[in-house]
Each structure stands twice: as C-alpha cells, then as structure tokens.
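**Q** The structure follows.
We did not get these values from a lab; they are worked out from the coordinates using the rules stated. It should be emphasised that the depicted structure is a prediction, and the values quoted were computed from it without experimental measurement. In this analysis, Cβ positions are derived from the backbone assuming ideal geometry, glycine residues included, and neighbour counts consider all displayed protein chains.
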Amino acid sequence: MSRKVALPSEEQVRQALAECTAEAEATGRQPTVLGLARQLGLANATFWRHFPDIAEEVREAARSHRPAGPGARGADHYGELLKKNAALRRANTELAEHLALAVANIQRLTLENHQLRQELEATAKVTVLPARRAPT
C-alpha cells in the first residue's frame, strides 16, 4: 500500500514552477515536469494525476522552446565538437610521431655512447676488472 502524501496547493505548485523557470533560465535549460514534481516531493505520476493542467503547460513550454532543424544550436555544437576532435586527433598523431623519433634518437645516442666508451677505454689501455661476487 502506498503512503499518503500531503499535496501542495495549486498556488504552491505555481510558485515552485516560477522558481524552476527562473533557475532554468540561469542554467539555459527548460524546467521539466519531473524536476518540478521532485522539487515538491511528489512522484511524477502523482503530480500528473493531481496537476494535469500545470504538467501539460510545462511540457508544452519545453516543446515550444526546443530548437528544431539542422540550423539548431545542437547541430552547430556537434559540428564544433567534431572539428575539435579532428584537430585533437591530428595533434595526437603528430605528438606520437615526435615521441617515436625521440625514442629512436635516445637509443642511437645510447649505442654511440657505449661504443665511444669502449674506444676510449681501449685507447687509454684501461683494464676492466671482473665484478666481485657476493659471498653466499
């Protein structure tokens, strides 16, 4: 059995709707019926059952506010994201190539360093002593 919920008055619901609308304008989003119901501490179905006119107003306001068509902000934003993503992929590829070149240069320099040390030791007639063994 469900619990009994104290319903707000229509005036309280309208006031909550005004607050949601003001908050939504600050964030750039439209208020939703679900958000309004949660703010009032009601389930979505309960809100629709007891305040169908207000719920329908909120739904219609959200529908009329949505940008439509290919020229909508959503499509522009998506295109911008695609361009940024492509630029980041190119930069990532370029950086990966630079990294591979740096690794190859470090390997080459390490081998040259080893060879030059061997030549220097041979020229200076350095005798290499075997490493000591640790007592077991």
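**Q** Give me the one-decimal Kirkwood hydrodynamic radius in Å for the stretch 10-65, with the sum taken over alpha-carbon pairs.
**A** This gives a value of 11.1 Å.
**Q** Per residue of the stretch 38-45, in order, report the coupling 6.51 cos²θ - 1.76 cosθ + 1.60 (Karplus, θ = phi - 60°) as ³J(HN,Hα) in whole Hz, putting x for Gly and Pro.
**A** Each residue of the stretch 38-45 in turn: 5, 4, 8, x, 10, 6, 4, 5 Hz.
**Q** What does the charge dipole of the stretch 72-123 about its Cα centre add up to, to the nearest 20 debye, if the Cβ of each Lys and Arg holds +1 and the Cβ of each Asp and Glu holds -1?
**A** For the stretch 72-123, the charge dipole is close to 400 debye.
**Q** To check my understanding: the extent here is largest minus smallest coordinate of the Cα atoms along each principal axis. What are those three numbers for the chain, in Å, largest first?
**A** For the chain, the Cα spread along each principal axis is 101, 53, 25 Å.
**Q** Further question: Once Lys and Arg get +1 and Asp and Glu get -1 on their Cβ, which of Ser64, Gln15, Ala45 lies farthest toward the positive end of the dipole of the chain?
**A** Ala45
**Q** To the nearest 20 debye, what charge dipole does the chain have about its Cα centre, counting +1 at the Cβ of each Lys and Arg and -1 at the Cβ of each Asp and Glu?
**A** That gives the chain a dipole magnitude of about 760 debye.
**Q** Still on this structure, I have one more. How long is the gain from Glu57 to Arg108 if the chain were fully straight, where each residue apart is worth 0.36 nm and the alpha carbon distance is subtracted?
**A** Full extension from Glu57 to Arg108 adds 11.1 nm.
**Q** With the dipole of the stretch 72-123 worked out from charges on the C-beta (+1 for Lys and Arg, -1 for Asp and Glu) around the Cα centre, which of Ala104, Asn85, Gly74 lies farthest toward the positive end?
**A** Most positive-ward Cα: Gly74.
**Q** Calculate for the chain the 222 nm mean residue ellipticity that helices alone would give, adding -39,500 (n - 2.57) per DSSP H run of length 4 or more and normalising by residue count, nearest 500 deg cm²/dmol.
**A** -24500 deg cm²/dmol
**Q** Taking the Cα centre of the stretch 10-65 as origin, work out the dipole magnitude from +1 charges on Lys and Arg Cβ and -1 charges on Asp and Glu Cβ, in debye rounded to 20.
**A** 260
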